[in-house]
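Read the structure below first, then the notes.
The values are calculated or read from the model by the stated rules, or taken from the named source; none is laboratory data. Only a predicted model underlies this, so the values are computations on that prediction, with no experimental measurement involved. Ideal geometry is used to build each Cβ from the backbone, glycine not excepted, and the neighbour counts take in all protein chains shown. Heavy atoms of the whole protein, side chains included, go into the accessibility calculation; ligands, DNA and RNA do not. Shrake-Rupley method; radii C 1.70, N 1.55, O 1.52, S 1.80 Å.
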Amino acid sequence: MSTHIADGAADAHEQLGHSEAGVHQAHAGEKAADWVDGRLGIYGLAKANLRKIFPDHWSFMLGEICLYSFIIIILTGVYLTLFFQPSMAEVVYHGSYTPLDGISMSEAYKSALDISFEVRGGLLIRQIHHWAAIVFVAAMLVHMMRVFFTGAFRKPREINWLFGFLLLFLGMFDGFMGYSLPDDLLSGTGIRFMEGAILSVPIVGSYIAMFLYGGPFPGDDIIPRFYTIHVLLIPGIMLGLLVAHLILVFYHKHTQFAGPGRTEKNVVGMPLMPVYMAKAGGFFFLVFGVIAFVSAIASVNPIWAYGPYRPDQVSTDAQPDWYMGFSEGLIRIMPGWEIRAWGHTLELGVFIPLVVFGGVMMVIAAYPFLEGWVTGDKREHHILDRPRNAPIRTAFGVAWIAEYIILLVAGGNDLFATHFHMSIDTITWACRILFFVGPVIAFTVTKRWCIGLQRKDRDKLLHGRESGTIKRLPHGEFVEVHVQLPQEERYRLTAHEQYAPVELPAEVDENGVKRKVKALDKLRAKLSQGYYGEAAQIPKPTAEEHAEITSGHGHH
């Protein structure tokens, strides 16, 4: 018995010792946490932001695809830099790809071949890197279209729109420089194409080309310079823009679609921790898995099939990645006009498309400010528009998409000619005509479509939805019974705001003196009338109209 008591006492003493040690360790952990928090303020930052609410909608995942594909690009890019040699020194290839054995090529092209055929997993990493870049630009474009069509760029998010635009713009050109690094025949053709565009700029074009290329094309410096820009300069700027973009998303709170309980002053959704973070983590691995799967089964940019770059050769089907195709389409549909004067040549066939490209980019960047000027609205907006309720804005967006597709086809006119056995001149002229006509048709159809959807919403609010039940009236007429919409649906259909067009003041003031109206004020009034006049929106039904219809008056 004494032995059992002694053993029990010993166990109790041991447990007490473990407990004291645990308390001691807990105190040590708390002290370490307090030390870190006192210098970084992590606890206060986490407490304020980890419970932040985010709304739930499938379209909000587009921005996450941009973020995750960017992370994949960084991870795979770091791996590729360990093996790639950004040098244009000439070497003779004697690697495992026998069709190119004994061929002279640059060291950059040889190292790209070695990554593909010698490095374990190198080809897969190259494919993932390239596909992730394609997905990144595509996701950014679709994400910006979602922001545009829903009006998420309005105050206070104009600066964030600019950050997103710069990310898209830099992503396109960083992708161009990335697939130019292997120095294969296709990428070399693209670099030569860019040199011609730069040289077409009057006065400063030759100097810009000299600074960028280091001398006459192809020279010895273009690949090392592109490498520095591709892996250091542009990604650094993009990373800063991405961090700023996310900070502003947190600061302004996330936009949300209209619905019961949702106002301009709140957000209805799930907290960042643990719900949203768990979903985001799973979605990251889903995006990574899809990109890896596509990379494993679909080859992109097979540089070994093109061969090393030679200035005297060009492949017939030389095409850039899809996001740069429209810029090439602009040049292909432009006639080869030139102006020669005072010993100089102005190449309008290249310079005008370059100006149009820059102008379109500037309009996209400035659109939030243009629409804000037209409306004169200075309030903050956190509730998104349905595209149908902003028909002019939606029509502009669709017209731009139509123009983009037309130019993409024009950029591949040789492929369409060879694959469909058509005349390349016929395709080029068709694209020239559609360049002017296509956006107008797309704008008109989209505007009328949106107005038709508005009219349908108005009818549903006043008469309800079709029930499928046929009723015979006393006088023998058959009608379909309509069921009134639930309160939640009625709120969603009427939550949007309809602007009144800006009106110019009277031509004569109260003293009979003719007013002087500025040209900008006249332009703003005309644009406002086009955006929000009677021809651009269907008035929402009033409460009195709804009450009269539902009470049975005015029926039949």
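Has region 211-224 got any residue that is at pLDDT 90 or above, assigned to a helix (DSSP H, G or I), in the same structural domain as Leu82 (by TED's automatic domain parsing) and open to solvent by less than 40 Å² (accessible area, probe 1.4 Å)? Within region 211-224, one or more residues are at pLDDT 90 or above, assigned to a helix (DSSP H, G or I), in the same structural domain as Leu82 (by TED's automatic domain parsing) and open to solvent by less than 40 Å² (accessible area, probe 1.4 Å). Of the residues making up region 94-109, those that are surrounded by fewer than 17 Cβ atoms within 10 Å (Cβ to Cβ) and not in a helix (DSSP H, G or I) are His94, Gly95, Ser96, Tyr97, Asp101, Gly102, Ile103, Ser104.
Candidates in region 321-372 are the residues that are acidic (Asp, Glu) and in a helix (DSSP H, G or I); of these, the one that is farthest from Val137 (Cα to Cα) is Glu371. If I filter region 279-306 down to residues being surrounded by fewer than 18 Cβ atoms within 10 Å (Cβ to Cβ) and outside any helix (DSSP H, G or I), which single residue comes out as modelled with the highest pLDDT? Looking at residues that are surrounded by fewer than 18 Cβ atoms within 10 Å (Cβ to Cβ) and outside any helix (DSSP H, G or I), I get Ala298.
Evaluation of Thr150 against the conditions (1) hydroxyl-bearing (Ser, Thr, Tyr); (2) surrounded by fewer than 14 Cβ atoms within 10 Å (Cβ to Cβ); (3) farther than 30 Å from Thr76 by Cα shows that the sole unmet condition is (2). The residue list Lys456, Lys471 contains one member that is without any contact (Cβ under 8 Å) to a residue 12 or more places away in the chain, assigned to a strand (DSSP E or B) and open to solvent by 80 Å² or more (accessible area, probe 1.4 Å), which is Lys471. Checked against the criterion of being farther than 25 Å from Asp184 by Cβ and not assigned by TED's automatic domain parsing to the domain that holds Arg126, region 311-334 contains one or more residues that satisfy it.
Filtered by the rule that a residue be more than 25 Å from Val290 (Cα to Cα) and hydrophobic (A, V, I, L, M, F, W, C), region 135-168 gives Phe148, Phe149, Ala152, Phe153, Ile159, Trp161, Leu162, Phe163, Phe165, Leu166.
Scan region 116-133 and give yes if some residue there is in the same structural domain as Gly269 (by TED's automatic domain parsing), β-branched (Val, Ile, Thr), modelled with pLDDT of 95 or more and in a helix (DSSP H, G or I), otherwise no. There is at least one residue in region 116-133 that is in the same structural domain as Gly269 (by TED's automatic domain parsing), β-branched (Val, Ile, Thr), modelled with pLDDT of 95 or more and in a helix (DSSP H, G or I). Residue pairs whose Cβ atoms lie under 6 Å apart, separated by 6 or more positions or on different chains, with the first residue in region 172-187 and not assigned by TED's automatic domain parsing to the domain that holds Asp221 and the second of a type in the set (Ser, Thr, Tyr) and crowded, with 24+ Cβ neighbours inside 10 Å, do not occur.
Take region 225-264 and flag every residue that is more than 19 Å from Trp58 (Cβ to Cβ), at pLDDT below 90 and of a type in the set (Lys, Arg). If the condition is that a residue be more than 19 Å from Trp58 (Cβ to Cβ), at pLDDT below 90 and of a type in the set (Lys, Arg), then Lys253 is the only one that fits. If you check Ala112, Ala46, Ala89 for being open to solvent by less than 40 Å² (accessible area, probe 1.4 Å) and either in contact (Cβ under 8 Å) with a residue 12 or more places away in the chain or closer than 22 Å to Ala296 by Cβ (or both), only one passes: Ala112. What about Ile424, is it in contact with an Asp or Glu (Cβ under 9 Å, 6 or more places away or on another chain), over 12 Å from Val398 (Cβ atoms) and among the aliphatic types (A, V, I, L, M)? It is true that Ile424 is in contact with an Asp or Glu (Cβ under 9 Å, 6 or more places away or on another chain), over 12 Å from Val398 (Cβ atoms) and among the aliphatic types (A, V, I, L, M).
Scanning region 178-210 for residues that are farther than 29 Å from Phe70 by Cα and either under 30 Å from the mean Cα position of the chain (by Cα) or of a type outside the set (Ser, Thr, Tyr) (or both) returns Gly196, Leu199, Ser200, Val201, Pro202, Ile203, Val204, Gly205, Ile208, Ala209, Met210.
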